[in-house]
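Undergrad: Take a look at the following structure, please.
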Amino acid sequence: MKSFFEAHIWPQRGKLYRLAFSWVKDRALAEDVLQNVFEKSFARQKELSNHANLSGWLVLSLKNEVLTHFRQNKKIDALEDANQFCADEPQPEDINESIQKIMLLLNELPERQRDIFQLREVEGLDYEEIATHLDISLDQVKVNLHRARKRIRELMITQKLAK
Amino acid sequence: MNERIQDLLTKYYEAETSPGEEQELKVLLRASTEFEEEKVLFGILADFRKLEPIKISLPEAKVRKLNPSWISWAASAAILIGSFWGWQVYEQKQAEQAAYKEVMMAFALIQNNLSKGQAALQPMNNLKYLNTTDLIFGQSQK
């Protein structure tokens, strides 16, 4: 019989990994912070089985883990500054062209818009699910998604990513 | 088809499309020769969706590792305590058996002395005939 962790948390690893990757822009680091979150959630799975918003808790824990990592390494003080830090970092060699392109686009969005855009466009979540994941209102989801798509369209035209 | 795509794109950028309409938009874009930018956008998003963690492992329940030196000390202590306890039990059993034997010997001695006393008292039984001479001889002489 599967444990609560295996049934409800482990299947979310792909989505959580891509979220972490969009924040830290480094595959190995994204895996490290996700592994840490998994270790903690595995230890607390009995408590989490009664949690009203498990997905929201996981996203928040992941974000806190990333912030803790950056603070410990004294690179940045907040996740919002991650864009500057990551822009200075060399891109991993094995990252493919598509991911480089999407990272360029996502970097241009504010953090909230980036998370909402990614959860909708990459993970395919509906508005309610996004609101639950990020613990925000439905209206905030719609407004931020509208702004994010509008901004992405402008970037697509100005940066001419299609060519 | 292009008109439908344009309508859906307008709704998409306004964040008013349903998941079903977005799916329809992606299918129509694949068949269209125009809208190159949107095709690229949905293409790179689809590629990003394929990005999966490689080295993440399923956490395992932590098993407490016992310190071998601590185990040897604990085993030694357990053997000493066990031996001492076993010896104590043995001593107690032996004492109980000795006490039982002494009690039984005391009972046997009492029994023996009681039998001797009863035998010594046997002549006293004849005293009950002291006042019964009439009963034995008197009636017939009169």
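Undergrad: Of the residues in segment B:20-56, how many are more than 11 Å from chain A (Cβ to nearest Cβ) and either touching a strand residue (DSSP E or B) at 6+ places or on another chain (Cβ under 6 Å) or part of a loop (DSSP other than H, G, I, E, B) (or both)?
TA: Number of matching residues: 3.
Undergrad: Identify the single condition in (1) of a type in the set (V, I, T); (2) within 11 Å of the chain's Cα centre (by Cα); (3) closer than 14 Å to A:R151 by Cβ that A:I102 does not satisfy, given that it satisfies every other one.
TA: Exception for A:I102: condition (2).
Undergrad: So, one more: Can you tell me which residue among A:T68, A:T158 is of a type in the set (S, T, N, Q) and modelled with pLDDT under 90?
TA: A:T158
Undergrad: So B:T33 clears everything in (1) exposed (fewer than 10 other Cβ atoms within 10 Å of the Cβ); (2) modelled with pLDDT of 90 or more; (3) polar (S, T, N, Q) except one condition, right? Which one?
TA: With respect to (1) exposed (fewer than 10 other Cβ atoms within 10 Å of the Cβ); (2) modelled with pLDDT of 90 or more; (3) polar (S, T, N, Q), B:T33 is out only on (2).
Undergrad: If you don't mind, another one. Mind listing whichever residues of segment B:1-29 are touching a residue at least 12 places away in the same chain (Cβ under 8 Å) and of a type in the set (A, V, I, L, M)?
TA: B:M1, B:I5, B:L8, B:L9, B:L25, B:L28, B:L29
Undergrad: Sticking with this one: I'd like to verify a number: residues in segment A:1-56 that are assigned to a loop (DSSP other than H, G, I, E, B) and either without any contact (Cβ under 8 Å) to a residue 24 or more places away in the chain or of a type in the set (S, T, Y) (or both), how many?
TA: So the count comes out to 8.
Undergrad: For segment B:92-139, give me each residue that is within 60 Å of the chain's Cα centre (by Cα) and basic (K, R).
TA: Matches in segment B:92-139: B:K93, B:K101.
Undergrad: Considering only segment A:1-19, how many residues are more than 9 Å from chain B (Cβ to nearest Cβ) and at pLDDT 90 or above?
TA: The number of residues fulfilling the criteria is 8.
Undergrad: Still on this structure, I have one more. Output the number of the condition that B:G20 fails; it satisfies all remaining conditions of (1) on the phi > 0 side of the Ramachandran plot; (2) exposed (fewer than 10 other Cβ atoms within 10 Å of the Cβ).
TA: For B:G20, the exception is condition (1).
Undergrad: Turning to a different aspect of this structure: Just checking, which of A:E47, A:E65 is within 17 Å of the chain's Cα centre (by Cα), farther than 15 Å from A:W10 by Cα and outside the structural domain of A:A131 (by TED's automatic domain parsing)?
TA: Numbers: A:E47 fails: within 17 Å of the chain's Cα centre (by Cα).
The conditions single out A:E65.
Undergrad: Between residues in segment A:94-105 that are under 14 Å from A:L155 (Cβ atoms) and residues that are at pLDDT 85 or above and surrounded by fewer than 20 Cβ atoms within 10 Å (Cβ to Cβ), which pairs lie under 9 Å by C-beta distance while being six or more apart or on different chains?
TA: A:K101/B:V40; A:K101/B:D47; A:I102/B:D47; A:L104/A:L155; A:L105/A:R151; A:L105/A:L155
The values are calculated or read from the model by the stated rules, or taken from the named source; none is laboratory data. Source: prediction; values computed, not measured. Reconstructed Cβ throughout: ideal geometry from the backbone, glycine too, with neighbour counts over all protein chains shown.
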